[in-house]
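Q: The structure is given below, and queries will be raised subsequently.
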Amino acid sequence: MLSDKSRPVIEATLPLVGSRIGAITPKFYARLFAAHPELLDGLFSRSNQRSGNQQQALAGSIAAFATHLVNNPGTLPEAVLARIAHRHASLGITQPQYQVVYEHLFAAIAEDLAEVITAEIAEAWTEVYWLMADALIKLEKGLYAAQANGKMWSPWRVSTKTFAGTGAMTFTLEAADDTPITEALPGQYISVKVQLPDGLRQVRQYSLSGDAGTRRTFTTKLDDGGEVSPVLHSGVGVGDILEISNPYGEITLKEGVGPVVLASAGIGCTPTASILRHLAESGSERQVLVLHAESTQDSWALRGQMTDDVERLGGAELKLWLEEPRAGSLEGFMSLREVDLPAGASLYLCGPLPFMKSIRNEAINAGIPAARIHYEVFGPDIWLAS
């Protein structure tokens, strides 16, 4: 936990560092990639660097961690750490890389805050960094050890490739060698590595959208802003081999008998569809309410799969919001105020960040405890610290 010596220093300097961290992180990444350009090949996302998403994610996580240490002495932000650890493990982050990050991050901090930083401030923020790093290293070691194999990447063969709504594609993969397979849990994701036309390898995480277990099925939107999906859509066919990671992700269906609410928007339906498929395959008797929002019905990537699974569950209910409504749908954007939420429900949520923030707030206002609201975040989650 944060020492008594460092806590008042962090409390006093948090507003300044927090206000500057957005400027510090681009300098950090510039230093990091200048010294280690190999990290852009198969680890860091080049498109996220260009968009600033990676900088925002790092800034948000450091600020959230330091704020938690100040406001909640003696504890760690377990939910935030678990999310980061799963993401790191899906990329194969190793313990020595934390030292590399530390060296270049603190060089960037010293450069940006040269006029005000003191040895005492640097020491306190070093403590914050290593508290966070050591907690993540411990979690990641556990995640690696829980896998059925010790490999970061394994070859998988594309067995089917099918259209899934406007601009989306579903890939089903089978193992291409005898590497022991970790059974995936509904709601988890994998990392997929591809080689771009310029020779650089890039990685993207995709939620498993179909059957969990030993097959791998994921659905990707072409216009997601990254560099991996276009290669998958145009350059990968049935029979081709892809390198993928073991499954990761802490947002999985929790055991129990209480009602389940699955709320999604756009391609965010992929993890909720996986949970829905698991409920249908297992013949669950839990009350299930499926909520989904799309621009048009044709753009709903997993419409057939999800509507079929709702019907298979018998007592499940589906509500659909469309910006261009059709018979049987609601108009506009999703709102829980238009829904009778079952008592004692757990909510699973995935979609664009503004959507998730809005629905999470509505859920809390409707009486769902924060501990029963589970959300998958692909991208910076600064809003979680607020």
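Q: Determine the alpha carbon to alpha carbon distance for each of LYS27/LYS161; LYS141/LYS319; LYS161/LYS357; LYS138/LYS254 and list only those over 29 Å. Provide the component values of the computation, followed by the final result.
A: Numbers: LYS27/LYS161 41 Å; LYS141/LYS319 41 Å; LYS161/LYS357 33 Å; LYS138/LYS254 23 Å.
Pairs exceeding 29 Å: LYS27/LYS161; LYS141/LYS319; LYS161/LYS357.
Q: Next up: Could you pull the Rg and Dmax for the range 162-226, using just the Cα atoms, both in Å?
A: In Å, with Rg to one decimal and Dmax whole: 12.9, 36.
Q: Tell me the mean residue ellipticity at 222 nm calculated for the chain from its helices only (DSSP H runs of n ≥ 4, each -39500 (n - 2.57), averaged over every residue, nearest 500). The partial results should precede the final answer.
A: Details: 10 runs with 158 residues, N = 386.
Computed mean residue ellipticity for the chain: -13500 deg cm²/dmol.
Q: Is the C-alpha gyration tensor of the range 178-304 telling us rounded, prolate or oblate? Criteria: a/c under 1.5 is rounded; beyond that, a/b larger than b/c is prolate, otherwise oblate. Present the calculation step by step, with values, prior to reporting the outcome.
A: Working: a/c = 2.44, a/b = 1.47, b/c = 1.66.
Oblate, because a/c is 1.5 or more while a/b does not exceed b/c.
Q: Please compute the alpha carbon radius of gyration of the range 190-248, then divide it by the globular-protein estimate 2.2 N^0.38 Å. Two decimals is fine.
A: Working: Rg = 11.4 Å, N = 59, 2.2 N^0.38 = 10.4 Å.
Normalised Rg, Cα atoms only: 1.10.
Q: Rolling a 1.4 angstrom probe over the protein heavy atoms, how many square angstrom per residue are accessible across the range 252-386? Let's see the in-between values first.
A: Numbers: 6130 Å² over 135 residues.
On a per-residue basis, 45 Å².
Q: Within the chain, which is the longest segment containing none of the GluC sites (Glu not before Pro) that sit in a DSSP loop and have at most 16 other Cβ atoms within 10 Å?
A: On the way: sites that count: GLU115, GLU183, GLU255, GLU285, GLU323.
The answer is 1-114.
Q: Scan the chain and note any complete DSSP helix (H) whose C-alpha atoms cover at least 24 Å along its axis and whose Kyte-Doolittle average is -0.5 or more.
A: Numbers: long enough: 7-35 (35 Å, 0.62); 53-71 (26 Å, 0.29); 95-112 (26 Å, -0.19); 119-145 (38 Å, 0.38).
What comes out of the filter, once short or polar helices are dropped, is 7-35, 53-71, 95-112, 119-145.
Q: Once the dipole of the range 49-204 is set up with Lys and Arg at +1 and Asp and Glu at -1 on Cβ about the Cα centre, which of VAL128, ILE109, ILE84 lies farthest towards its positive end?
A: ILE84
Q: Can you tell me the dipole magnitude for the range 76-231 around its Cα centre, using point charges on the Cβ only (Lys, Arg +1; Asp, Glu -1), in Debye to the nearest 20? Please report the intermediate quantities before stating the final value.
A: Details: 13 positive and 19 negative charges, 201 e Å.
I would put it at about 960 debye.
Q: Can you give the FRET efficiency to the nearest 0.05 for ARG215 and ASP41, using r as the Cβ-Cβ distance and R₀ = 35 Å? Walk me through the numbers on the way to the answer.
A: Values: r = 29 Å, r/R0 = 0.82.
According to the calculation, E is roughly 0.75.
Q: Report, please, the projected area of the chain averaged over directions, based on the convex hull of its C-alpha atoms, in nm².
A: Working: hull surface 77.9 nm².
Computing the convex hull of the Cα atoms and averaging its projections yields 19.5 nm².
Q: Starting from the Cα gyration tensor of the range 1-150, take the square roots of the eigenvalues, sort them a ≥ b ≥ c, and report rounded, prolate or oblate (rounded when a/c is under 1.5, otherwise prolate if a/b is larger than b/c, else oblate).
A: Working: a/c = 1.93, a/b = 1.20, b/c = 1.60.
Oblate is the answer for the range 1-150, as a/c is 1.5 or above yet b/c matches or exceeds a/b.
Q: To the nearest 0.05, how large is the calculated FRET efficiency for GLU115 and THR296 if R₀ is 45 Å and r is the Cβ-Cβ distance? Walk me through the intermediate numbers first.
A: Working: r = 54 Å, r/R0 = 1.19.
Between GLU115 and THR296 the formula returns 0.25.
Q: Next question. Can you give the net charge of the other residues whose Cβ lies under 13 Å from the Cβ of ARG201, counting K and R as +1 and D and E as -1?
A: Local net charge: -2.
Q: Follow-up. Can you tell me the length gained on complete extension of the stretch SER3 to ASP177, counting 0.36 nm per residue apart and subtracting the Cα distance? Before the final figure, lay out the partial values.
A: Details: separation 174, 0.36 × 174 = 62.64 nm, distance 4.93 nm.
Length gained, SER3 through ASP177: 57.7 nm.
Q: Working with all protein chains in place, sort MET1, MET152 by solvent-accessible area computed with a 1.4 Å probe, largest first.
A: Values: MET1 110, MET152 45 Å².
If we order MET1, MET152 from most to least accessible, we get MET1, MET152.
The values are calculated or read from the model by the stated rules, or taken from the named source; none is laboratory data. Only a predicted model underlies this, so the values are computations on that prediction, with no experimental measurement involved. Positions of Cβ are backbone-derived with ideal geometry, glycine not excepted, and every protein chain shown enters the neighbour counts. Accessible surface is based on the protein model in full, side chains and every heavy atom, while ligands, DNA and RNA are left aside. Shrake-Rupley method; radii C 1.70, N 1.55, O 1.52, S 1.80 Å.
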